[in-house]
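Presented below is the structure to which this report refers.
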Amino acid sequence: MHPSHGTFELSPLFDLGATFVWAVSGAGLGVRYGYDYTGIFTMAFVSALGGGLLRDGIFLQHVPIALRSPDYLVIVLCGAIVGTVATLVAGGRKPSRAYQGSLDTVDALGLGAYACVGAQMTLQANLPVLSAIFVGVVNGVGGGLLRDILVNRIWMLPGQILALAALAGVTLFVALLKLTHLTAGEAAWAAIALTFVIRMLAIRFDWRTRALIKSEDAGK
């Protein structure tokens, strides 16, 4: 990334707030699946920080930012406690529509934001554009991917558009950095807006990917 573009940084309040909400969501899922205290915290941890851990630990190969600052672990612990209590109070039932809607909104915002952060860090490491797009998508969806693996969900089954929304946003981000004179912040907010709109429309209208063949025909 050219130095003249500057860098895109998440607001600390947004970063910690999104971490908290994703931890609440992960802990609630852990409670509903009957996990113990350790399992619930693990679910909260991977939901909130999984994308960054994959980005830093595997692709960029340096100590994850989440582990260098105790703030993230404290936020995850608080989110795990709140998520556990809230789910128990609700009797383990599905969350209300308003509660789920607020989680979806934060998730859609965070999806684009963290995808841009991942792509930017990859470009700053002098890796190719395609690598930046790939790492950006992983950064955005990694927490949900690890969370679903822990509850034995097959993440790659057809479902509401998520990774494709992150892909659209991060591709726009990288293209704007490479082809225009926009700053990294301006490019990122355009990408976040695109990702947010696609993701929220997918939720609102239940846009879904489709299987190549029906599952019952897979073995034929």
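The values are calculated or read from the model by the stated rules, or taken from the named source; none is laboratory data. Predicted, not measured: the structure shown is a model, and the values here were computed from it. Counting neighbours? That spans all protein chains shown, and the Cβs are built from the backbone with ideal geometry, glycine included.
Overview of values
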| item | result |
| --- | --- |
| Single condition Leu130 does not satisfy, out of (1) touching a residue at least 40 places away in the same chain (Cβ under 8 Å); (2) out of contact with any Gly (no Cβ under 6 Å at 6 or more places or on another chain) | (1) |
| Single unsatisfied condition, Leu88 versus (1) surrounded by 14 or more Cβ atoms within 10 Å (Cβ to Cβ); (2) touching a residue at least 24 places away in the same chain (Cβ under 8 Å); (3) under 22 Å from Gly28 (Cβ atoms) | (1) |
| Contacts under 7 angstrom Cβ, first residue in region 165-189 being over 24 Å from Leu201 (Cβ atoms), partner surrounded by fewer than 20 Cβ atoms within 10 Å (Cβ to Cβ) and not aliphatic (A, V, I, L, M), 6 or more apart | Thr183/Gly6; Ala184/Gly6; Ala184/Thr7; Gly185/Gly6 |
| Condition broken by Lys178, with the remaining ones in (1) farther than 30 Å from Ile213 by Cβ; (2) outside any loop (DSSP other than H, G, I, E, B); (3) at pLDDT below 90 satisfied | (3) |
| Pairs, first within 13 Å of Leu73 (Cβ to Cβ) in region 37-51, second hydroxyl-bearing (Ser, Thr, Tyr), C-beta under 6 Å, six or more apart | Ala48/Thr19 |
| Near pairs, Cβ below 6 angstrom, 6+ apart or cross-chain, from region 57-73 (more than 16 Å from Thr122 (Cβ to Cβ)) to any residue that is small (Gly, Ala, Ser) and surrounded by 12 or more Cβ atoms within 10 Å (Cβ to Cβ) | Ala66/Gly52; Tyr72/Ala66 |
| Selection from region 41-71 of residues that are surrounded by fewer than 24 Cβ atoms within 10 Å (Cβ to Cβ) and more than 19 Å from Phe134 (Cα to Cα) | Phe41, Thr42, Val63, Ile65, Ala66, Leu67, Arg68, Ser69, Pro70, Asp71 |
| Neighbours by Cβ (under 7 Å, 6+ apart or cross-chain): first from region 197-214, of a type in the set (A, V, I, L, M, F, W, C); second assigned to a loop (DSSP other than H, G, I, E, B) and surrounded by 14 or more Cβ atoms within 10 Å (Cβ to Cβ) | Ile198/Ile161; Leu201/Trp207; Ala202/Ile161; Trp207/Ile161 |
